[in-house]
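The values are calculated or read from the model by the stated rules, or taken from the named source; none is laboratory data. The model shown is predicted, which means the values in this text are computed figures rather than measured ones. Here the Cβ positions follow ideal geometry from the backbone for every residue, glycine too, while neighbour counts run over all protein chains shown.
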Amino acid sequence: MSAVDAHAATTTRTGHRLIAGTRSLEVNGRAAKVFRLADEAGRPGLVLVPGERFQVELANQTADHTIIHWHGQIPPWTQDGFPWPQTPPLAPATTRTYDYVPIPGTYWMHSHQGLQEQSLMTAPLIVRDAAELREDRQEIVLMLHDFSFTGSDELLAGLTGQTPSAIHAMARTSENAAAPSLAQMPSENTKGMMQGMQGMGNMMSGHMGAMSKDNGMGSMGSMTMDLNDIDYDAFLANDRTLRDPEIVQIERSGRVRLRIINGASSSQFWIDLGALAGHVVAVDGHPVHPVAGRRFPLAIAQRLDILVDLPSTGAFPILARLEGTRRRTGIVLATPGAPVARIEETGLDKMQPIDNSLETRLTARAPLSPRKPDLVHRIVLSGDMKPYSWSLNGENWPHITPLMLQKGQRVEIEMVNHSMMAHPMHLHGHAFQVIAVNGR
């Protein structure tokens, strides 16, 4: 998938065509049918040059309805890719067009229909910035996935105790539910909605098997925290495992920008640079003051831009190590002629759960202007492993009470996690700034 950067620099035509389809993927010697999001040449995702508009025609060539969310971008709400009643999923053999001014940085795209994301209906979305190009660094996109030969409905059924057919029906019903219609809200200037990663309802409001620990949203004391609910068959780095990793050719003493995207549905990782030292310079597409290190936590759906300067020659693994386990995946950066040693999929030491060690060190390069909030909302995350049901402020999607806002307001949201699981949270349609973790 690092081929993404190879075709981007010459992309000058107006408009792009993305195809939502299916493909065959070989994972550790076994074939699987998965989804794909690719251009007409089969290259995954989309790369925009500096100053280019997001002008895209999306064609659904699958046999199912789908809808694609441009994760982290802020398009008009009708182009955001969430299945509101006013913006229904795209039917098979139909197309939909999008046109907006994108935000530069490392982003990604994924389905918001049913459980398609678990079956790899995902791809990178890279919006290049002129200043980054002047750095004269080789860009490498590294996209991570968790993978199972078991169907998504069956995976979730194993967590909920329901049958796969019931899960499939629930997903269809939840996505198509008229969860409070925007037409029922006072006006365009007063709408605002906080959503979890999936917005999929009673038992799917978070990603399947999201990891669990005290993640800075509230201490659970002596309660047992849940971690890695699904035993995946493989973890993929650019669609490959460490049995046959992607080897990216790097110039001697090369200068690299790693764009790392956690597209996994249920897995969080530590990014391990091994012998290399790096500097995180952007998180979720937004520039931050450099944070130095060799190992960085990466939550579900999170993106890191890491600058790395290589020594003269050698082969350098970039590993994603699954929290709470010894399992890992990754790619290898190698200078011409450098020998590449075999890397086992299981490491020697067990990784700790990811934490806020990076989050607490981040400082935005372009922070929000200082201002007292006009409105404060407290959102309490709660739920149970059985029947695998999760809620915000005691309400399950789609039976929720919208958080109503006024255009131009400064809004502070305090999230408190009272569940036994860590939940990746995502705010559609807005940029935000973390101002405190556990009150500090």
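Taken as a whole, the condition of being farther than 28 Å from V141 by Cβ and either outside the structural domain of S253 (by TED's automatic domain parsing) or buried (at least 16 other Cβ atoms within 10 Å of the Cβ) (or both) applies to N417. Of all residues in the stretch 1-45, those that are crowded, with 17+ Cβ neighbours inside 10 Å, farther than 30 Å from D153 by Cα and at pLDDT below 95 total 4.
For every residue, the table says whether it meets (1) under 23 Å from the mean Cα position of the chain (by Cα); (2) outside the structural domain of A38 (by TED's automatic domain parsing); (3) farther than 24 Å from G429 by Cα; (4) of a type in the set (K, R).
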position	(1), (2), (3), (4)
P88	yes, no, no, no
R96	yes, no, no, yes
W108	yes, no, no, no
D136	no, yes, yes, no
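Going by the conditions given, is P336 in the same structural domain as E246 (by TED's automatic domain parsing), more than 22 Å from the chain's Cα centre (by Cα) and either on the phi < 0 side of the Ramachandran plot or not basic (K, R) (or both)? Spelling it out, P336 is indeed in the same structural domain as E246 (by TED's automatic domain parsing), more than 22 Å from the chain's Cα centre (by Cα) and either on the phi < 0 side of the Ramachandran plot or not basic (K, R) (or both). With respect to (1) part of a loop (DSSP other than H, G, I, E, B); (2) at pLDDT 90 or above; (3) of a type outside the set (D, E, K, R); (4) closer than 20 Å to S266 by Cα, the lone exception for A422 is condition (2). For the stretch 263-294, taking the residues that are among the hydrophobic types (A, V, I, L, M, F, W, C) and surrounded by fewer than 17 Cβ atoms within 10 Å (Cβ to Cβ), the one that is farthest from N238 (Cα to Cα) is identified as A292. Pairs linking a residue in the stretch 284-309 that is among the acidic types (D, E) to a residue that is surrounded by 21 or more Cβ atoms within 10 Å (Cβ to Cβ), with Cβ atoms under 6 Å and 6 or more positions apart or on different chains, are D284/G72; D284/R303; D305/T106; D305/R259; D305/A282. In the stretch 357-380, the residues that are within 30 Å of G394 (Cα to Cα) reach residues that are small (G, A, S) and surrounded by fewer than 13 Cβ atoms within 10 Å (Cβ to Cβ) with C-beta atoms within less than 9 angstrom, at least six apart or across chains, in these pairs: D374/G408; V380/G394.
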